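First comes the structure, then the notes that go with it.
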Amino acid sequence: MYIMLTIILPTYNERDNLEELIRRIFRTLKGKGFEIIIVDDNSPDGTAEFAEELGKKYGKIIVVKRNKKLGISSAFLTGFLKSRGKYIILMDADLQHPPEKIPEIIDYLDKGYDLVIASRFLKKSRIYGLTFYRKLTSILISYFIRIFIPKIKVRDPLSGFFGVKREVIEHVHKRIKFKRGFKILIEILANSNNLKIKEIPFDFQKRKYGKSKVNNIVVIELIKQIIYYSEISRIIKFSLVGFIGTLVNLFFLLLLRSYGLEHFIASAIAIEISIMNNFLLNNYWTFSDRVNGKFLDKLIKYHILSSLSSIIQYVTSNIIFYFIYSNSIIAQIIGILLGYLINLLGSFKIVWKK
Ligand code: UDP
Ligand code: MG
């Protein structure tokens, strides 16, 4: 029988969720050629054995048993190597990803998209299954990923629910670096070029039974992934420029003072020189490969950004000093850090935007 679709379900202790999931997949995909590959991480609750029983009852189910908890990314790859489908779908086995979305994913793949992501962060998406804290961190991390890995432009690069054409994975699976984590989608996005991508909204549900398996390894793998694929060297250059700018600023301040200039004039000139210094170094070194935009436009934008970050630095420092903790150095350092962050984001996203 022709297999259009392989659904990969990584499981670790999902025994109680499995039957409902399988039932709903079969109901949704009635009449379609598909197979389900359950990749189990040696669940102590007997998920694998139960999956085999379901296989006998429903058919179309392949169970792969692994001998330890190896995470979702490697489960996806293991499942892929056993798969026969033209399209591959990854989803959680805990009912957070409603299988009723699968036909829409297939439709878009049929229309020619290479990758269809069920996204938690589109306007029409609803999130029922995340705590406030996890939702916030996911949104912030996704935002950071978009800024610092410019190749990744999707709203929800952390999604674990997507469909992809077989060729895409054939092309990337040998290049995949971080296999112990959960975020295989980042690997796919960072390692392929010119993918035609569609994001569709969906309602992220509450976990029915059991609990989340996110742990420290998952978080550390994610940080490693972001550093590896991000523009970390550019951030280092940018920070170095900021540091040099501070020295230049102080040097000119002292120089002009030694010629007898008033502090309020010397300080203003020194600031302007340091802004110019930073602008030129960033333009011709940090962002030398981003050659879009007129020189003058960028220069003006950078001045506005620098003023804004100085104001933020000043206000933060004063709020901290007068209302939170009256220590000048600490207040100033926090102000500097926040100002630096605003400058960094503005430079990457606006002045030297890709
Ligand atoms: N999972 C797995 N191996 C692991 C951790 C998780 O197969 O080492 C499975 C888990 O059973 C579930 C899916 O991966 O089907 C997503 O995991 P979880 O729901 O814990 O992650 P979250 O949704 O909280 O990010
Ligand atoms: Mg889950």
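The values are calculated or read from the model by the stated rules, or taken from the named source; none is laboratory data. Since the model is a prediction, treat every value here as computed from it, not as a measurement. Virtual Cβ from ideal backbone geometry, glycine too; neighbours counted across all protein chains shown.
Listed here are the residues, each with its yes/no results for (1) among the aliphatic types (A, V, I, L, M); (2) under 22 Å from K349 (Cβ atoms); (3) surrounded by 14 or more Cβ atoms within 10 Å (Cβ to Cβ); (4) without any contact (Cβ under 8 Å) to a residue 12 or more places away in the chain.
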residue: N215; (1), (2), (3), (4): no, no, no, yes
residue: H263; (1), (2), (3), (4): no, no, no, yes
residue: A270; (1), (2), (3), (4): yes, no, yes, no
residue: W285; (1), (2), (3), (4): no, yes, no, no
**Report entry** Boolean, R180 is more than 21 Å from K86 (Cα to Cα), surrounded by fewer than 20 Cβ atoms within 10 Å (Cβ to Cβ), within 18 Å of the chain's Cα centre (by Cα) and basic (K, R)
**Finding:** yes
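For F202, state whether it is more than 26 Å from L122 (Cβ to Cβ), aromatic (F, W, Y) and at pLDDT 90 or above. Don't jump to the end; show me each part of the working.
On the way: more than 26 Å from L122 (Cβ to Cβ): no; aromatic (F, W, Y): yes; at pLDDT 90 or above: yes.
Answer is no for this residue.
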Out of (1) over 30 Å from G346 (Cβ atoms); (2) within 15 Å of ligand 1 (Cβ to nearest atom); (3) in contact with a Lys or Arg (Cβ under 6 Å, 6 or more places away or on another chain), the one F76 does not meet is (3)
Review point. Would it be correct to say that A266 is under 20 Å from I304 (Cα atoms) and aliphatic (A, V, I, L, M)?
Key: no
Here the residues within region 1-55 that are within 12 Å of ligand 1 (Cβ to nearest atom), under 19 Å from G79 (Cβ atoms) and assigned to a loop (DSSP other than H, G, I, E, B) are Y12, N13, E14, D41, N42, S43
Counting only residues that are in a helix (DSSP H, G or I) and more than 24 Å from the chain's Cα centre (by Cα), region 324-338 contains a total of 10
Here the qualifying pairs (Cβ atoms under 7 Å; residues six or more apart or on different chains; first in region 124-135 and touching a residue at least 40 places away in the same chain (Cβ under 8 Å); second assigned to a loop (DSSP other than H, G, I, E, B) and more than 13 Å from ligand 1 (Cβ to nearest atom)) come out as S125/F202
| field | Filter pass, F279 being among the aromatic types (F, W, Y) and surrounded by fewer than 16 Cβ atoms within 10 Å (Cβ to Cβ) | value | no
Checked S159, S142 against criteria (among the hydroxyl-bearing types (S, T, Y), in contact with a helix residue (DSSP H, G or I) (Cβ under 9 Å, 6 or more places away or on another chain), at pLDDT 95 or above and within 16 Å of ligand 1 (Cβ to nearest atom)); the one match is S159
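Listed here are the residues, each with its yes/no results for (1) away from ligand 2 (no atom under 16 Å from the Cβ); (2) closer than 25 Å to K353 by Cβ; (3) crowded, with 19+ Cβ neighbours inside 10 Å; (4) of a type outside the set (D, E).
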| residue | (1), (2), (3), (4) |
| --- | --- |
| I105 | yes, no, yes, yes |
| R120 | no, no, yes, yes |
| G129 | no, no, yes, yes |
| K135 | no, no, no, yes |
| I147 | yes, yes, no, yes |
| K151 | yes, yes, no, yes |
| P157 | yes, yes, yes, yes |
| G163 | yes, no, yes, yes |
| V168 | yes, no, no, yes |
